[in-house]
Amino acid sequence: MRAIINIFCCSVCFLIFSGELFAQRGDGSLYSSYGIGLLSEDNFGQSARLGGVGTAVRSPYFLNQLNPASATSVSAYNFMVDAQVDYRLMNIKTSSEEITINRTNLSLVSFWFRTGRKSAMTLGIMPMSSVDYSFAEKTYFEGSTTPFDKYISGYGDINKIYMNFALDVLPRVTLGVRPYYAFGNINHETYYNTDLVTEGTVESFKMNERDNYNGVGADVGIQFVPYKKEGKQLTIGASYQLPSTLKSTTTSLAYLNDSDSVLYEIPEKNDNVLLGSAIKGGISFQNKNLLIAVDYSHKIFPSEWEDYTNSQRFSLGGEYMPNFYGFKFLERMNFSAGLFYDTGYILSEGSPVESKGGSIGFGFPIQGFTRINLAYQYEQKGTVAQLSREVTHGITLNFNLADIWFQKSGYQ
């Protein structure tokens, strides 16, 4: 077991320092062409199986990225490596065509450990936003009636490296803070296919605009247990994503497509991007083998974000685990399900892009406390009248490598 952990940690370190951990293509959604793209909901691991629920969840077995205060809830062991891989099959339907695409991403790597009897810390990396779109349109030279093709695409993401610290300030009150460093780049490319129109007199060329982002921010959270008796527990939780500012550096250039010869390059332009904030609240009830939770979140955007609007998200989820410490395989499995509805934070054709969906999941014990969790997620976003109707079928594979340090074996 220790050898597996060492190999996994070394692999993660290599990926992080290579700087390309989340360089895979992202969502493939046409709606990611707005602003800095589609924003992450932080619903990884257990939350991904529960429809995005987690603000008030205090699981003794699984990590919860939605509320920084939840880190002290894990009690089954004292260290865990958590990683998640996502597969997405997306059907995109517009007024003129319909396509199906698929993507695979490594979306989360985190390392949790106990720092004291009442405190815990998590180190990790996860996405903040994702851009991945492409489409084509007809355009004209001034004074010409002959059209030519213009291909527009964008790709990239913004990620954050974070350190989450949680402390039980009172027997039933926990506070958490998660400072992070955000970084990433987003490329917007436009390819002009002019060969047929100009008969070769004007070569096809491409324009590229690369935005590099970096900055710092923080999330804070609190969880309160007003009722706890005979294995039953009621928890209330809240978290707040503090407004932060990212420094943006934009580089623009144009070059010939066939030879990669640079036609011109615009010097770097620096700007500051003010990020929005989010308030989340939730309530959960759980006993020794059942968890039921409800979440509400409210996103707030600055007035400068013309393509975004304030939005609300509602989530409901539940999980059943017969006996985590049982001897039978089925007893140690966990079964999860959830639903969500989002009023939409992206504006398209003057109206918010709504999304809704659900998830089901299963967890399988492997060896000791190590588990593999598998979830299926369904999401429907937008309408053809806005830009596109996008239906996503997702498979999430979550790895929990966990154990107990400094444990001595006892013999009779």
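The listed residues are ASN193, ASN164, and the only one of them that is surrounded by 18 or more Cβ atoms within 10 Å (Cβ to Cβ) and either out of contact with any His (no Cβ under 6 Å at 6 or more places or on another chain) or at pLDDT below 95 (or both) turns out to be ASN164.
On the given criteria, is GLU331 in contact with a Ser or Thr (Cβ under 6 Å, 6 or more places away or on another chain) and within 21 Å of ILE292 (Cβ to Cβ)? No, not satisfied. Residues of the stretch 223-235 that are open to solvent by 70 Å² or more (accessible area, probe 1.4 Å) and closer than 16 Å to ALA166 by Cβ: PHE224 alone. Return yes or no: is LEU290 on the phi < 0 side of the Ramachandran plot, open to solvent by 30 Å² or more (accessible area, probe 1.4 Å) and hydrophobic (A, V, I, L, M, F, W, C)? Yes: the conditions hold for LEU290. Would you mind stating whether LYS328 is surrounded by fewer than 14 Cβ atoms within 10 Å (Cβ to Cβ) and among the basic types (Lys, Arg)? Judged against the criteria, LYS328 is a match. Filtering GLU331, GLU306 for residues that are of a type outside the set (Gly, Ala, Ser), modelled with pLDDT under 95 and in a helix (DSSP H, G or I) leaves a single hit, GLU331. I'd like to know if the stretch 201-224 contains one or more residues that are over 24 Å from the mean Cα position of the chain (by Cα) and at pLDDT 95 or above. Yes, because at least one residue in the stretch 201-224 is over 24 Å from the mean Cα position of the chain (by Cα) and at pLDDT 95 or above. Of the residues making up the stretch 91-101, those that are surrounded by fewer than 22 Cβ atoms within 10 Å (Cβ to Cβ) and in contact (Cβ under 8 Å) with a residue 40 or more places away in the chain number 5. Being at pLDDT 60 or above, part of a helix (DSSP H, G or I) and of a type in the set (Gly, Ala, Ser) holds for only one residue in SER32, SER11, and it is SER32.
Condition check: surrounded by fewer than 14 Cβ atoms within 10 Å (Cβ to Cβ) and among the polar types (S, T, N, Q). Does GLN367 satisfy that? The answer is yes for GLN367. Taking the numbered list (1) in contact with a Lys or Arg (Cβ under 8 Å, 6 or more places away or on another chain); (2) under 26 Å from GLY344 (Cα atoms); (3) crowded, with 17+ Cβ neighbours inside 10 Å in turn, LEU246 passes all entries but (1).
Taken over the stretch 334-357, the criterion of being in a loop (DSSP other than H, G, I, E, B) and surrounded by fewer than 19 Cβ atoms within 10 Å (Cβ to Cβ) is satisfied by THR343, GLU349, GLY350, GLU354. Set side by side, the residues LEU401, LEU316 differ, and just one is farther than 30 Å from TYR31 by Cβ and buried (at least 17 other Cβ atoms within 10 Å of the Cβ), which is LEU401. Only one entry of ASN78, ASN67 meets the criterion of being surrounded by fewer than 20 Cβ atoms within 10 Å (Cβ to Cβ) and polar (S, T, N, Q), and that entry is ASN78.
The values are calculated or read from the model by the stated rules, or taken from the named source; none is laboratory data. Not measured: the values here are computed from a predicted model. Heads up, the Cβs are rebuilt from the backbone with ideal geometry, glycines too, and the neighbour counts pull from every protein chain shown. The area values use the complete protein model at the heavy-atom level, side chains included, leaving out ligands, DNA and RNA. Shrake-Rupley method; radii C 1.70, N 1.55, O 1.52, S 1.80 Å.
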